[in-house]
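One structure is given below, encoded as structure tokens.
Any read-out appearing in this document is the output of simple, stated calculations on the displayed coordinates, not a laboratory observation. The structure displayed is predicted, hence computed values, not measured ones. Note: ideal-geometry Cβ built from the backbone for every residue, glycine included; neighbour counts use all protein chains shown.
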Amino acid sequence: MDIKEIMQPENLVYKKPELLNDTAMHYCPGCSHGVVHKLISEVIAEMGMENKTVGVSPVGCAVFAYKYIDIDWEEAAHGRAPALASAVKRLWPDRLVFTYQGDGDLACIGTAETIHALNRGENITIVFVNNAIYGMTGGQMAPTTLMGMKTATCPYGRDAKLHGYPLKVADIAASLEGTCYVTRQSVHTVGAINKAKRALRKAFEYSMQGKGSSLVEMVSTCNSGWKLSPEKANKWMEENMFPFYNLGDIKDTGANNQ
């Protein structure tokens, strides 16, 4: 498309991605999930993989992801999405296969499935939404809850002596031989959204090129669980989450893995 076409009125109107259904999302106002859904929909369409993509969602806030993105979906048991995605990709290697998981699902009950799928180098992408809390079930402490952060199950703040330390899943993933791309992004600003979209595109392309496992962590807000307005939740994330969960690529060997 040249500049004259771009400037035509019909091309300047913002439109929702064609792969997003008209179903009203159940997410809380200000939640990051909707933006991540949008980016996934756009990337799949831009890759021309609408009819060759399988998403896997387990239990958590995104349990109904299949209602919103018009692709094939599999519903996994709690935490087991990477195991199911591994099977799907091995059966249909020409499919784009990804999981969509929250931090409670992926980093707690699903730790084993996550680590071993990544370590095996399964040609899948794990999309990991990290809001440092159990959002769906009432705001309990998650493996990613920050030190001192108050939740329903640690009302005085996370204490290392009682609860251990926050888990940096992406850093663990980067240390595994089977991963080719590990990145930590966010969707709190337009610039961050653009970076997150490029990260998703790279991860999906690497998986289709058979270069190994990718993990795209999205550091996100949970204004309901954090008991903050969407605006204040974004500010809290910037001031507290980002210093611990640093944004940017952590590992990228895909370009050298021909």
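Once you sort the root eigenvalues of the Cα gyration tensor of the stretch 64-182 as a ≥ b ≥ c, which label holds: rounded (a/c under 1.5), prolate (a/b larger than b/c) or oblate (the other case)?
Cα axes put the stretch 64-182 in the oblate bin.
By DSSP, the beta bridges lying fully in the chain are antiparallel in about 20 percent of cases. As a rough guide to protection, the peptides 185-194, 209-218, 15-24 ranked by mean Cβ packing within 10 Å, highest first, stand as 209-218, 185-194, 15-24.
Sorted ascending by nearby beta carbons within 10 Å, beginning with the fewest, Y165, Y14, Y27 become Y14, Y165, Y27. Placing a label point 7 Å from the Cα of K15 along the Cα-to-Cβ line, the residues of the stretch 61-84 whose backbone N sits under 18 Å from it are 69-71.
Toward the positive end of the charge dipole of the stretch 27-246, with +1 on the Cβ of Lys and Arg and -1 on the Cβ of Asp and Glu, the farthest Cα among G157, H33, A62 is that of G157. The length gained by stretching the chain between A255 and E46 to full extension, at 0.36 nm per residue less their Cα-Cα distance, is 73.2 nm.
Could you list V129, V56 in order of exposure, starting from the residue whose Cβ has the fewest other Cβ atoms within 10 Å? Write down the numbers at each step before the final one.
Working: V129 25, V56 29.
If I rank by nearby Cβ atoms, fewest first, I get V129, V56.
Full extension of the segment from E75 to S175, taken as 0.36 nm per residue of separation minus the current Cα-Cα distance, would add 33.2 nm.
Using alpha carbon centroids, what distance separates the stretch 64-111 and the stretch 162-236, in Å? Comparing the Cα centres of the stretch 64-111 and the stretch 162-236, I get a distance of 16 Å. A straight chain from Y156 to D94 at 0.36 nm per residue would run longer than the Cα-Cα distance by 17.4 nm.
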